[in-house]
Amino acid sequence: MALNPHDILDMLATRGPAQYGREAVSQLEHALQCAQLAEQAGEAPATVVAALLHDLGHLLAPAPKAPSAPDTPQAQDDLHQYLALPFLRPAFPDAVLEPIRLHVDAKRYLCAVDPGYWDTLSPASKHSLELQGGVYSVAEAARFADQPLAQEAVRLRRYDDLAKVPGLPTPDLAHYAAVLQAVALPRADAAVGAGTAG
Ligand SMILES: [Fe+2]
């Protein structure tokens, strides 16, 4: 099933208030903070949209059969960076999709090339790094950096890491409806506007 921009905003508004893993903010707060950081940094609209939607896979993942306690460590890699791509591909260009696809690998890359980066990660993010394959080798880091839009993914990763501040004011979802519309592929943007959740 393809998601149009209106579906996406609706999903963020209805499912986004759920807690973001073991972090102190909700999925929606995390998405809005990440998009705000990208916007404040002067990123292109496609990168702002990627920041807003980078964790949509968490909202699309099937609910666990028995909900675990919020402080229970994740037991396996959820591969959330890939889950949203089939839903988003009909509606958005690679400039949105690739930074989303690469934002987990960007953490593995930054740990390899930026001394001190690992220390900045939250405990939950350090834990998931191991499940995601751990720090890249020199050769793996070079291969990562060679990919189109890898640097956008690295910048998105840095916004992602910072977008976990409890209570931080951000624009609401309605603010990003226009950005989604501007970036969406021509046939995908027809539904934006009517009924957009705030
Ligand atoms: Fe994230």
**Study point:** Relative contact order (%) - criterion: Cα under 8 Å, at least six apart; region: the chain
**Key:** 35 percent
Review point. Residue separation times 0.36 nm, minus the C-alpha to C-alpha distance between Gln151 and Gln132: what's the value?
Key: 4.9 nm
Check your understanding: Counting each DSSP H run of 4 or more residues in the chain as -39500 (n - 2.57), what helix-only mean residue ellipticity at 222 nm follows after dividing by all residues, to the nearest 500 deg cm²/dmol?
Key -> -16000 deg cm²/dmol
Practice item. Quote to one decimal, in nm, the extra length available between Gln40 and Arg143 on full extension: 0.36 nm per residue of separation minus the C-alpha distance between them. Key: 34.1 nm
Check your understanding: Which value, in debye to the nearest 20, gives the size of the charge dipole of the chain about its Cα centre, when Lys and Arg are +1 and Asp and Glu are -1 at the Cβ?
Key -> 200 debye
Check your understanding: Roughly speaking, what is the centre-to-centre gap between region 79-97 and region 116-165 when only Cα atoms are used, to the nearest Å?
Key -> 19 Å
Review point. What nm distance separates the two modelled labels at Gln19 and Arg187, each placed 7 Å from Cα along Cα→Cβ?
Key: 4.2 nm
Check your understanding: Looking only at Ala142, Ala95, Ala106, which one moves most when the chain is put into a Gaussian network model with springs between Cα atoms under 10 Å?
Key -> Ala142
Check your understanding: Can you give the accessible area per residue of region 67-157, in Å², using a 1.4 Å probe?
Key -> 48 Å²
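The values are calculated or read from the model by the stated rules, or taken from the named source; none is laboratory data. Note that the structure is a prediction, hence the values are computed from the model and not measured. Ideal geometry is used to build each Cβ from the backbone, glycine not excepted, and the neighbour counts take in all protein chains shown. Surface areas here come from the heavy atoms of the whole protein model, side chains and all, with no ligands, DNA or RNA. Shrake-Rupley method; radii C 1.70, N 1.55, O 1.52, S 1.80 Å.
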